[in-house]
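Asker: Mind looking over this structure? Questions follow.
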Amino acid sequence: MVDHAGIIRIADAALRSNAGSSAQLRMPAPAASGDDTEQLGLATPQFQDIPLSPAAFRRNESTVKLLVSASAVEGITGTLAFDSADVLFDTAAGVVVNGVLYAITDRVASLLLGEPFCYCLTLRAPVR
Amino acid sequence: MQNAKDTFYEMLRGRLAALNPGRTIVLRGVVRPGVLVEENELVSTVVLPDCFRVNWTQAAGDPDGDLATIALQCEIEYETAGTALNGGMDRGRALSAMDAELQATINTDTQTALKSNYKGLTTGLAVEPMATSIWWGQLVFGKVEIKDDRLARTGTVMVMSYEKTSEL
């Protein structure tokens, strides 16, 4: 019988062994309370790039996808005190892969035994 | 033009917060009144419900006279899914409440505000009141749109301002 931790270890191993990629989640720093400059577009927030690993990046002509282990997402969600992975991805400014910032347009959690073991992020490349 | 946009936003935010302090959003970890200017925020595919999203869509100018006049079209989008505990069955009432708040904020007796320059805030200076004003017309409500489980509407208002030569 495989428990949830075992399933995550299997997913992590699969992501690492299948062309593991280097990706970072770009998170904006918390806004300054009562500060009008950001609300008026006069100032831009600081950003923090947080490693997403293990992950696998896939790009073809029509779609860009990033598979991320649930262990990585749970780690970041816990460290930054987010309620859920959904809120984390909603708040993120995007994902940086090979120096390119991609916007997150959709995400799907792959579940087994009712728990996520992997997240599939659909990304949008920047317009050049 | 930017001073007029900033002043209108500050007016809208202040009046909405005074009218309904409970309408707030959490954006990047900070609770703030439920109104934002889309062009001043991070690009996002997520549309926040239960808040007013300001977009500046058209602009026109009249350079004749001692002071140039500009007209800016402001579209205020908002949508709601109602209350989850009610299964969203109150989404129509929630949208009506937002309609009423917006109408009470914009269609008031005083449809003018002293224009201010907010650029000094970046260097720690105070907001600088200017010698000209902004004023605006009546709010026009658009049709209700159904977006999955949400009801959405766009209110449009024309904002006008005199522009000093230094602003052009």
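Asker: Which condition from (1) closer than 20 Å to A:D86 by Cα; (2) within 14 Å of chain B (Cβ to nearest Cβ) is the one that A:Q24 breaks?
Answerer: Result: A:Q24 passes all but (2).
Asker: While we're looking at this one, here's another question. Which of the residues belonging to the range B:128-147 are over 17 Å from the mean Cα position of the chain (by Cα) and assigned to a loop (DSSP other than H, G, I, E, B)?
Answerer: B:K143, B:V144, listed by residue number.
Asker: Anything in the range B:20-29 that is at the interface with chain A (Cβ under 9 Å from one of its Cβ atoms) and either within 14 Å of the chain's Cα centre (by Cα) or surrounded by fewer than 17 Cβ atoms within 10 Å (Cβ to Cβ) (or both)? List them, or say none.
Answerer: First pass over the range B:20-29, keeping only residues at the interface with chain A (Cβ under 9 Å from one of its Cβ atoms): B:27-29.
Selection gives B:G29 alone.
Asker: When you go through B:L121, B:L125 one by one, which is the residue that is free of Cβ contacts under 8 Å to residues at least 24 places away in the same chain, assigned to a loop (DSSP other than H, G, I, E, B) and not β-branched (V, I, T)? Let's see the steps before the verdict.
Answerer: Details: B:L121 fails: assigned to a loop (DSSP other than H, G, I, E, B).
Answer to the selection: B:L125.
Asker: Go through the range A:80-127 residue by residue and tally those that are away from chain B (no Cβ under 14 Å) and not hydrophobic (A, V, I, L, M, F, W, C).
Answerer: Kept after step one, since they are away from chain B (no Cβ under 14 Å), are these residues of the range A:80-127: A:96-100, A:108-120.
Keeping just the survivors that are not hydrophobic (A, V, I, L, M, F, W, C) gives A:98-99, A:110, A:114-116, A:119.
Of the residues in the range A:80-127, 7 are away from chain B (no Cβ under 14 Å) and not hydrophobic (A, V, I, L, M, F, W, C).
Asker: If you don't mind, another one. Quick check on A:I50: is it facing chain B (nearest Cβ under 10 Å) and assigned to a strand (DSSP E or B)?
Answerer: No, not satisfied.
Asker: Moving on. Which one of B:A104, B:A97, B:A17 is within 14 Å of chain A (Cβ to nearest Cβ), part of a helix (DSSP H, G or I) and among the aliphatic types (A, V, I, L, M)?
Answerer: B:A17
Each row is one residue, and each column tells you yes or no for (1) free of Cβ contacts under 8 Å to residues at least 60 places away in the same chain; (2) more than 10 Å from the chain's Cα centre (by Cα).
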{"position": "A:V87", "(1), (2)": "yes, yes"}
{"position": "A:A92", "(1), (2)": "no, no"}
{"position": "A:V95", "(1), (2)": "no, no"}
{"position": "A:N98", "(1), (2)": "no, yes"}
{"position": "A:L101", "(1), (2)": "no, yes"}
{"position": "A:E115", "(1), (2)": "no, yes"}
{"position": "A:R124", "(1), (2)": "no, yes"}
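Asker: Where the second residue is surrounded by fewer than 16 Cβ atoms within 10 Å (Cβ to Cβ) and the first is assigned to a loop (DSSP other than H, G, I, E, B) and lies in the range B:78-92, which pairs have Cβ atoms under 7 Å and are six or more apart or on separate chains?
Answerer: Matching pairs, first to second residue: B:A81/B:D149; B:G82/B:M89; B:G88/B:D149; B:D90/B:T83.
Asker: Within the range A:62-103, how many residues are among the small types (G, A, S) and touching a helix residue (DSSP H, G or I) at 6+ places or on another chain (Cβ under 8 Å)? Let's see the steps before the verdict.
Answerer: From the range A:62-103, those among the small types (G, A, S) are A:62, A:69-72, A:75, A:78, A:81, A:84-85, A:92-94, A:99, A:103; that's our starting set.
Right, trim to touching a helix residue (DSSP H, G or I) at 6+ places or on another chain (Cβ under 8 Å) and you get A:69-71, A:84-85.
The total comes to 5.
Asker: With respect to B:T7, is the statement that it is among the hydroxyl-bearing types (S, T, Y), in a helix (DSSP H, G or I) and at pLDDT 90 or above true?
Answerer: When the stated conditions are applied, B:T7 passes them.
Asker: Take the range B:30-72 and flag every residue that is out of contact with any Phe, Trp or Tyr (no Cβ under 8 Å at 6 or more places or on another chain), among the acidic types (D, E) and either facing chain A (nearest Cβ under 9 Å) or part of a loop (DSSP other than H, G, I, E, B) (or both).
Answerer: Within the range B:30-72, B:E41, B:D64, B:D66 meet the criteria.
Asker: Can I ask one more? Check A:A14 against each of (1) within 14 Å of another protein chain (Cβ to nearest Cβ); (2) more than 30 Å from B:V26 (Cα to Cα); (3) of a type in the set (A, V, I, L, M) and name the one condition it does not meet.
Answerer: Condition not satisfied by A:A14: (1).
Asker: Okay, moving on. Quick one: would you say A:R107 is assigned to a strand (DSSP E or B) and more than 14 Å from A:L25 (Cα to Cα)?
Answerer: Details: assigned to a strand (DSSP E or B): yes; more than 14 Å from A:L25 (Cα to Cα): no.
Against the criterion (assigned to a strand (DSSP E or B) and more than 14 Å from A:L25 (Cα to Cα)), A:R107 does not qualify.
Asker: Also, quick follow-up: Can you tell me which of B:G29, B:G120, B:G87, B:G92 is of a type outside the set (D, E) and either in contact with a strand residue (DSSP E or B) (Cβ under 6 Å, 6 or more places away or on another chain) or closer than 26 Å to B:A4 by Cα (or both)? Show your work before the answer.
Answerer: Numbers: B:G29 fails: either in contact with a strand residue (DSSP E or B) (Cβ under 6 Å, 6 or more places away or on another chain) or closer than 26 Å to B:A4 by Cα (or both); B:G87 fails: either in contact with a strand residue (DSSP E or B) (Cβ under 6 Å, 6 or more places away or on another chain) or closer than 26 Å to B:A4 by Cα (or both); B:G92 fails: either in contact with a strand residue (DSSP E or B) (Cβ under 6 Å, 6 or more places away or on another chain) or closer than 26 Å to B:A4 by Cα (or both).
Only one candidate passes the filter, namely B:G120.
Asker: Does B:G155 count as at pLDDT 95 or above, crowded, with 18+ Cβ neighbours inside 10 Å, not in a helix (DSSP H, G or I) and not aliphatic (A, V, I, L, M)?
Answerer: Numbers: at pLDDT 95 or above: yes; crowded, with 18+ Cβ neighbours inside 10 Å: yes; not in a helix (DSSP H, G or I): yes; not aliphatic (A, V, I, L, M): yes.
When the stated conditions are applied, B:G155 passes them.
The values are calculated or read from the model by the stated rules, or taken from the named source; none is laboratory data. This structure is a prediction, so every number in the text was calculated from the model and none was measured. Cβ atoms come from the backbone with ideal geometry, glycine included; neighbour counts cover every protein chain shown.
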